[in-house]
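A short worksheet on the structure shown next.
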2 protein chains.
Amino acid sequence: MLNIGIDLGGTKIAAGVVDEEGKILCKASIPTGAGRPADEIIKDMADLAQSLLADNGFSLNDICHIGIGSPGIINRSISEVVFASNLCWHNVPVKRLFESMMNKPVFLENDANTAAVAELMVGAGKGYSDIVLLTLGTGVGGGIIINNSIISGSHGIGAEIGHFIIHADGMECPCGNKGCFERYASASALINWGVEALKENPGSLIYSMACGNPANVTAQTVVDSAKQKDPAAMEIFERYIKYLALGIISIINIIDPQVIVLGGGVSKAGEFLLDAVRAKTEELLLFKDLPHANIELSTVGNDAGIIGAAFLDRMTV
Amino acid sequence: MLNIGIDLGGTKIAAGVVDEEGKILCKASIPTGAGRPADEIIKDMADLAQSLLADNGFSLNDICHIGIGSPGIINRSISEVVFASNLCWHNVPVKRLFESMMNKPVFLENDANTAAVAELMVGAGKGYSDIVLLTLGTGVGGGIIINNSIISGSHGIGAEIGHFIIHADGMECPCGNKGCFERYASASALINWGVEALKENPGSLIYSMACGNPANVTAQTVVDSAKQKDPAAMEIFERYIKYLALGIISIINIIDPQVIVLGGGVSKAGEFLLDAVRAKTEELLLFKDLPHANIELSTVGNDAGIIGAAFLDRMTV
């Protein structure tokens, strides 16, 4: 049996027909047009799903259900988006509206959790039941799955992994607090520290790789410079690894999952990142002699939103 | 039907016959004699349970099951204590040994989680399914229950709530890390800061209440002085509340329980503590307009270990 997974983003809506092994048989996308009335956007999602089927020789009869990953806070009991800032949505009954347009069961979940489902089903979390996904991008997002059940909180405001506090009185976060994990473990942290190094140290490899222009500094600039043993970049990378490991230790000491999966832009640093964060985490473990979470790199990639959405029916509630 | 709850501690073993409403009908205790072979201690526990029944006119037929709360890391799949430092236990098959001595089903759980079960069943968490208990004592312990299921981790090393890191590069913790939550939110934190104030400020109320002797400073000294608006004590209490609220915010942003219950010695500060921590937490919320966890004071008291153990059968696995 096939399912449709829809990844609703602030910029585009991507949909795919997904088989039971998590393989995407076909996919398509359209601009979201965020800011329009919710029912218009949901109508576009339904039209996208219909045309995806028609254009690829499928019919609705081939489809078991439709999963949707949406930004924002979800009320799971009524499958409603309570609040999604980048869509300007408040209390949008996505499941009800979508099911009125397409006569198939609809599952709705937060997009970060959907990505965690994808890792669990077909990615670095395959074979596990308890995983935490850390998406190291502009911010730090992620999802928590325990016993094949998505942990998103009693009020839908949990699993905001970027916003647990690892540094009281630390760097200011746009959320209003200080010292949130994502201030120290996101790609933005690497970029900010890289820009500082560029300004302070014109002899650094970061400076030359960015042609002296702060706007050219990316997370990859810092990582590539550190790989080449540029002292300024190595100092930044070590600092980054320390904070990332402190966050991972907090996750281990509270949730103790089977595996922690690193995704997002920074995870493209690959084994260089993985080896360093594994070593630092080992140093900081509370119970050094007892088994603990594996740390792995995400393997699903950009289609995690589509694939995870298609597997939402597999999660226990 | 009645059950027996046993609270195995490093100093004493307490057992009680508990009815279905969580009322203790009778109880007794003996010294643990920690350091002795595990089977001797377990034999003492079984003898204590037997004599408790006999001395109070009950028989084993009145009892449905026996629950045991033990310190240390528990392997739930085999009901074994993997490691308990204060008992010097390694891989002790408590359930198997106990069931061989008393022919009743035995449930084994970590003692901090057992206290959380007591709050859930008959205390401040009654009527909820998702709670986090914070025990603010010498350290910070606690338990996490989601959907009536104890969250203690894939390897049994989770719910170490005192050891998530809220202050990178902060105060050293005996666990080897820096900035653990319990360094800032335990009774010990209040005492340490109170002793500093006494030494630096002989005019403070803390100084006079402790008769100038640092050894006399307790958490209550600081709290009582703050209640009387002693400036040094108020500054310490506000600092304590800030860090406690930072930890609570991290718990809300990750776990988002229905209720966070404050227990342990510091919770005896009552409404004075509760009002302050509720107000500070409100300030720091990520989603200020959305519903979030209630914060409440523990109501179960010293028998939480016995009562929680007696209710272990009610937890879903």
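The values are calculated or read from the model by the stated rules, or taken from the named source; none is laboratory data. Remember, it's a predicted structure, so these values are computed and weren't measured experimentally. Because the Cβ atoms are built from the backbone with ideal geometry, glycine has one as well, and the counts that use them run over all protein chains shown. Just the protein is used for accessible areas: all its heavy atoms, side chains included, with ligands, DNA and RNA removed. Shrake-Rupley method; radii C 1.70, N 1.55, O 1.52, S 1.80 Å.
Some points to look at:
- Gyration tensor (Cα) of the range A:34-156, equivalent ellipsoid semi-axes in angstrom: 25, 19, 14
- The range A:163-317, relative contact order in percent, only Cα pairs under 8 angstrom and at least six apart counted: 17 percent
- Point-to-point label distance, residue B:78-residue B:99, nm (Cα→Cβ direction, 7 Å offset): 1.4 nm
- Of all DSSP-defined beta bridges confined to chain A, some 60% are antiparallel rather than parallel.
- Centre-to-centre, using Cα atoms only, the range B:98-151 and the range B:40-63 are separated by 22 Å.
- Whole-percent carbon and sulfur share, accessible surface of the protein assembly as shown, 1.4 Å: 49 percent
- Sorted from closest to farthest, the other copies place their residue A:37 label points 7.9 nm away, with each point set 7 Å from Cα along Cα→Cβ.
- Relative packing of peptides B:280-293, A:231-244 - highest average C-beta neighbours within 10 Å first: A:231-244, B:280-293
- Listed residues B:248, B:159, A:82: farthest to the positive end of the dipole of the protein assembly as shown (Cβ charges): B:248
- Under the membrane-span-like helix rule (DSSP H runs whose alpha carbons stretch at least 27 Å along the helix axis, mean Kyte-Doolittle hydropathy 0.5 or higher), chain A yields A:231-254.
- Using a 1.4 angstrom probe on protein heavy atoms only, the contact between A and B buries about 3900 square angstrom of accessible area, both sides summed.
- Extent along the principal axes, Cα only, for the range B:77-139: 35, 30, 18 Å, with the longest axis given first.
- A compact globular protein would have a Cα radius of gyration near 2.2 N^0.38 Å; the ratio found for chain B is 1.04.
- Relative to the globular-protein estimate of 2.2 N^0.38 Å, the Cα radius of gyration of the protein assembly as shown stands at 1.04.
- Mean residue ellipticity (222 nm) of the protein assembly as shown, computed from DSSP H runs ≥ 4 via -39,500 (n - 2.57), nearest 500: -11000 deg cm²/dmol
- Note that the range B:113-163 carries a Kirkwood radius of 10.9 Å, evaluated over its alpha carbons pair by pair.
- For the range B:144-270, the alpha carbon convex hull comes to 122 Å³ per residue, rounded to a whole number.
- Counting only Cβ charges, +1 for Lys and Arg and -1 for Asp and Glu, the dipole size of the protein assembly as shown around its Cα centre is about 360 debye.
- Pairwise Cα distances in the range B:109-208 exceed 18 Å in 56 percent of cases.
- Applying a threshold of 28 Å to the alpha-carbon distances of B:23/B:288; B:126/B:227; B:12/B:95 flags B:23/B:288; B:126/B:227 as lying beyond it.
- Listing of the range B:159-190 residues, each with accessible area lower by at least 10 Å² in the full protein assembly than in the chain alone (probe 1.4 Å): B:159, B:160, B:163, B:164, B:165, B:166, B:167, B:168, B:169, B:175, B:177
- Each other copy places its own label point for residue B:239 at 2.6 nm from this one, sorted shortest first, where the point lies 7 Å along the Cα-to-beta carbon line.
- Think of a 1.4 Å ball rolled over the protein heavy atoms: chain B then has 39 Å² of accessible area per residue.
- The range A:265-317 - convex hull of the alpha-carbon atoms, volume per residue in Å³: 124 Å³
- Space enclosed by the convex hull of the alpha-carbon atoms of the range A:220-280, per residue, Å³: 76 Å³
- Sorted shortest first, the distances from the residue B:202 label point to those of the same residue in the other copies are 5.9 nm; each point sits 7 Å from Cα along Cα-to-Cβ.
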